[in-house]
Each structure stands twice: as structure tokens, then as C-alpha cells.
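Single-structure report; data block below.
We did not get these values from a lab; they are worked out from the coordinates using the rules stated. This structure is a prediction, so every number in the text was calculated from the model and none was measured. Neighbour counts run over all protein chains shown; Cβ positions are idealised from the backbone, glycine included.
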Amino acid sequence: MAEHLVIAIDGPAASGKSSVAKALAQRLSFLYVNTGSMYRAVTWLAVSRGVPADDAARVLALLDENEVRFGVTDDESSIHLNGVDPSPYLLDERVNANVSTVATIQEVRQRLVALQRAYLEEHDLVMEGRDIGSAVFPGTPYKFYIDASPEVRAMRRQKQGVQDSISARDKQDSGRRASPLIIAEDAHVIDSSHLTIDGVVGEIIGRLKLKGFPFLQNGPVANPQVHRTI
Ligand code: CDP
């Protein structure tokens, strides 16, 4: 069977990468995987149980004691915590404030990265995060880093009506030891400050063409109901 393809989209908070990755995945009929949601789900589990985000041993114990499942629903990655979809809580202020601390825990990263890689066994992927091109799929030739000025990013988050200190998160994400946010050497950088989502997607498609990307006539994303548990 032909190997699956992965397009890596990385970038700092509120750079527009989620909207871009989603639109691109739809255009290509690839599975859209939001890895930030995975770190957010683990963080929600911790804050909702009163476990401090920097207590690595207790956070890991939570992963063993609870059922954390990643799967596919429609054409996106999905998450269930003890059978419940935590999406409504993932942009909670407490999650924003603690997610970058949880994301520094090496063993949390290892477990999540293994599950992120497993998606490629069954799907062509557009995967977004902080370390997709640098650590999760360093071998993919299709890497993009979406940036925007700090002012534009702060404004975008504000417009979403979400309380989120993105500069603090950026600092923590870029400064951590385990897979920090970096621009992979072979990534194509796009400044989205003055571009629409369609504009960024257009630039990515143009770049993919230059790189000889095989534009496949994929059908809709298959939904085999495979769920993997941490
Ligand atoms: O939407 P936004 O860009 O603000 O954040 P996100 O993609 O939902 O990611 C939330 C947090 O998860 C980030 O600030 C990182 O601390 C962490 N993260 C990570 O460490 N590695 C990833 N691949 C994705 C997210």
C-alpha cells in the first residue's frame, strides 16, 4: 500500500494555523489533526481534577487512571476523556494558563507524539502544532511555519473573546527543553499578518506544487472508527 502523506503546519499561538490547516485539509480531503487540542485535553483533565500542571508524576498518573482516547470523527481528529468529548472546555482560561506547562512534561509529549504518528498509518494528514515539522514528522518534505506579528496575534485571540496570555505561552513554548517551538530548517515560513485564510492556503498550495506534491484525488476522509488510548 502507498505510504501516506503528511503536511506539517507549525507556528506560535493565534498565528492562524488552525484555520489554515483545516481549510487546507478540506481542500485536499486529508485528515485534519489538531495536536494542540491533545495537549489541551490532558491539561483540562489536570485542572478539572485539581492536579497542578507542573506535577509531572500526578499528571502522568491521571493518564493511567482515566481513559483518554484519540480517534477520528467526520474528517477531523477527535478526543474522548472517559467517553466525553472535552471540546467545550479546551479554550477555558485555566487551560490556556496551564497548557504550556503540561506540554513541558517529556513523558506526556512522548505519549502524545506516538498517537500523533499513529494517525499516519491510516490517513493522509494535515497536522498542526508546535513541533510537527521538527520532531513528530521531521522526514516530511512538506513543512510550513505560519507566523504573524505579536499585535495581530493578540488581536485575533481577543476577537475570539478568549482570555489568553499568548506572549507568556510563546515564551514558554519556545524556551522549553523538550521539542521547543522552532522553525524547522526546511520549513517554508509564511507571515499571515496581512493575509486572509484563503491567501495563506493559496500560498501553501503554490509551494506544494513547486515541491512536486502529488495532488491526489482523495475521496472523503475514511472514518474507520479506530480509537487509540493513551
Ligand atoms: O491555538 P493556539 O495556537 O493558541 O494553541 P494550540 O495549538 O491549541 O496549543 C496549545 C499549547 O499546546 C501550546 O501553547 C503548546 O504549549 C502546546 N503544544 C505543544 O507543545 N506541541 C504541539 N504540537 C501542540 C501544542
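Of the peptides 153-159, 81-87, how do they stack up when ordered by the mean number of other Cβ atoms within 10 Å, highest first?
By packing density, highest mean first, the sequence is 153-159, 81-87.
Report, largest value first, the span of the C-alpha coordinates of the chain along each principal axis, in whole Å.
Cα spread of the chain along its principal axes, largest to smallest: 49, 43, 30 Å.
Run through all the Cα pairs of region 61-126 and give the fraction in each 5 Å bin from 0, expressed as whole percent.
3, 13, 20, 27, 24, 10, 2
First measure r as the distance between the Cβ atoms of S193 and A61, then evaluate 1/(1 + (r/R0)^6) with R0 = 30 Å and state the FRET efficiency to the nearest 0.05.
So the FRET efficiency works out to roughly 0.10.
Please compute, for the alpha-carbon atoms of region 119-230, the extent along each of the three principal axes and give them in descending order in Å.
39, 37, 31
Give me the number: length gained by fully extending V84 to K171, i.e. 0.36 nm times residue separation minus the C-alpha to C-alpha distance, one decimal in nm.
This chain segment gains 28.1 nm when fully extended.
Using a Gaussian network model on the chain with a 10 Å cutoff between Cα atoms, which of I182, I146, I132 fluctuates the most?
I182
Return a single number: how many Lys pairs in the chain, at a sequence separation of 8 or more or on separate chains, have alpha-carbon atoms below 24 angstrom apart.
Total qualifying Lys-Lys pairs in the chain comes to 13.
Quick one: 3J(HN,Hα) in Hz for region 30-41, Karplus 6.51/-1.76/1.60 with θ = phi - 60°, rounded, Gly and Pro as x.
Once rounded to whole Hz, the list reads 9, 6, 8, 10, 9, 6, x, 4, 5, 5, 5, 5.
For region 1-114, compute the orientation-averaged projected area of the C-alpha convex hull (one quarter of its surface), in nm².
Seen from a random direction, the Cα hull of region 1-114 projects 7.9 nm² on average.
Helix-derived [θ] at 222 nm for the chain: sum -39500 (n - 2.57) over DSSP H runs of at least 4, divide by residue count, nearest 500?
So the helix-based figure for the chain works out to -12500 deg cm²/dmol.
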